[in-house]
Amino acid sequence: MRLDERGKQCPLPVVETRKALEAAGPGETIEVVVDNEIAVQNLRKMADHKGLEFRSEKTGEREFTAWVRAAEGGTVAAALAGQGTGEPGVAAGQGAGEPGAAEGQGAGRSGAAASQVAGEPGAAAAQASGRSDGCPAPACCPPAADGGIVAVISSNCMGQGDDTLGKLLMKGFIYALSQQEQLPRTVLLYNGGAFLSCEGSDSVEDLRELEAQGVEILTCGTCLNHYGLEGKLQVGGVTNMYEIAERMTGARLLVRP
């Protein structure tokens with residue numbers, strides 16, 4: 001399959017390649033044509049994250065071609081259906097060899113999960129809650145997102161007003177962030193925040209200190225292109241809007257200076 005992603009803004013090349021991979025057959029190669037190196041880096045990161053084979057080359061003045069090979073185990077949908085067993089529907093059967101075995105918890109009849117082989121509706125809830133009246137336990141809150149603390153920085157100035165003061169405050173904030181007992185898991189830099197991780201920034205050393213302590217530093221590739229900062233990144237990696245949205249929606253806490 002060939003995708004022509006030239007002229008498309010981030011995160012479209014990554015999103016459309018992901019969709020193509022989900023629809024691809026086992027071992028099928030997706031060819032993606034883009035018009036900037038940042039898009040290639042974003043595709044490589046996506047492939048690395050999924051453990052997929054990836055290669056790329058410059059094929060024209062403003063043309064790059066990337067090849068991503070789908071997993072041998074089949075499509076994402078098939079993998080989810082088989083839960084890694086290679087057989088469609090095994091997830092539902094839990095290896096019991098018959099449809100609905102998951103509901104039966106291996107008891108050989110449907111509905112057993114609901115009754116936990118206790119023979120009475122609501123017994124599962126009663127067992128979990130320790131109640132004997134058969135009433136379901138009160139609903140609990142869903143578990144918190146496990147993406148940790150994510151610091152989101154969209155400017156090289158902190159606050160509004162005087163820019164000189166704002167830059168001084170931002171430098172102080174990033175230094176203070178590196179000294180916290182509870183560090184963020186990720187620092188996302190986009191728009192004017194992209195300047196902070198690039199050559200000439202007073203915050204590069206503090207960001208390197210954060211990275212040395214295990215904090216992920218990610219700078220928006222589209223922003224690097226827009227501000228002419230390609231090749232000037234001094235710390236961390238390049239990211240795309242899909243990954244930025246993924247980190248933000250998965251965060252337990254967002255910090256915005």
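Ranked by the mean number of other Cβ atoms within 10 Å of their residues, highest first, the peptides 207-214, 39-46 come out as 39-46, 207-214.
If R0 is 30 Å, the Cβ-Cβ spacing of Leu169 and Gln213 corresponds to a FRET efficiency of close to 0.85.
Tell me, in nm to one decimal, what length is gained between Arg55 and Ala23 on full extension, where the rule is 0.36 nm per residue of separation less the Cα-Cα distance? Before the final figure, lay out each step's value.
On the way: separation 32, 0.36 × 32 = 11.52 nm, distance 2.00 nm.
Contour length minus the Cα-Cα distance gives 9.5 nm.
Stretch Gln182-Val15 to full length: gain in nm at 0.36 nm per residue minus the Cα-Cα span?
On the way: separation 167, 0.36 × 167 = 60.12 nm, distance 3.28 nm.
Separation in residues times 0.36 nm, less the Cα-Cα distance, equals 56.8 nm.
Listed cross-link partners Lys19/Lys232; Lys50/Lys167; Lys8/Lys50; Lys167/Lys232 are compared with a 28 Å cut-off, the Cα-Cα value being larger for Lys19/Lys232; Lys50/Lys167. Once both labels are positioned 7 Å from their Cα atoms along Cα-to-Cβ, the gap between Arg62 and Glu205 label points is 4.0 nm. What separates the Cα centres of segment 148-184 and segment 27-58 is a distance of 33 Å. Model label sites at Arg2 and Asp48, defined 7 Å from Cα along the beta-carbon direction, differ in position by 2.9 nm.
Using per-residue counts of other Cβ atoms within 10 Å, averaged over each peptide, order 58-65, 242-249 from highest down. Mind showing how you got there, number by number?
Values: 58-65: 12.2, 242-249: 16.8.
Answer by packing, highest mean first, reads 242-249, 58-65.
Quick note: the coordinates plus some simple rules give every number you see, no bench work behind them. Note that the structure is a prediction, hence the values are computed from the model and not measured. We place every Cβ from the backbone using ideal geometry, glycine too, and count neighbours over all the protein chains shown.
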